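FYI, it's all coordinate maths here, none of it is from the lab. What you see is a predicted model; the values in this text were computed from it and never measured. Glycine gets a Cβ as well: all are built from the backbone with ideal geometry, and neighbour counts include every protein chain shown.
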Amino acid sequence: MHATVLEAGQGERYPAGADSQIVIKATGEETAGSFFLSETTIEPGFPGPPPHRHRALHDMFYVLDGTLTVRLGDETRELGVGAFVCAPPGVVHTFSNTSDRPTRFLNFNTPAGWEHYMRALGEAAAAGPLSRETIGTIASRYDFEAV
């Protein structure tokens, strides 16, 4: 293994909508399979994935700018800058941007592997707008069970 250093703005970039993007910062290749990390920006009105749960994946979010709307089980929260949430395996969750400005957050997942989903999502976004259904269809090929 070797050290990884990415400056601000560096990483694998994928579109996720007109003004949304995913910048992959760490993958299983760099972390010996232990985690994935992306810096994601979602535009106002971004629908997010359908409510879902993971079998083995811990899905974590840390808000850098704006407000991230997160649903955990039956509770929906508006999370501001500095907020952190961890949805462990089995917990139904989703996220979106219901605000009128972009939201930027870090998305951590352990174990690694989520980078494959993000790359596929970026390819789909390059072909046209992402709907909640499109996101769910792509995600269903990974550790993702829509509920």
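Helix-only estimate, please: 222 nm mean residue ellipticity of the chain, summing -39500 (n - 2.57) across DSSP H runs of length 4 or more and dividing by its residues, to the nearest 500.
-5000 deg cm²/dmol
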To two decimal places, what compactness ratio does region 13-54 give when its Cα radius of gyration is scaled by 2.2 N^0.38 Å?
-> 1.37
Round to the nearest 0.05 the FRET efficiency obtained for ASP100 and GLU75 when R0 = 22 Å and r is the Cβ-Cβ distance.
-> 0.45
Roughly speaking, what is the stretch gain from ALA3 to GLU29, that is 0.36 nm per residue apart minus the C-alpha to C-alpha distance, in nm to one decimal?
-> 8.2 nm
Inter-label distance, nm, simple model (7 Å from Cα along the C-beta direction), GLU123/GLN10 = 2.7
Taking the Cα atoms of the chain, what is the range of coordinates along each of the three principal axes, in descending order and whole Å?
-> 41, 33, 30
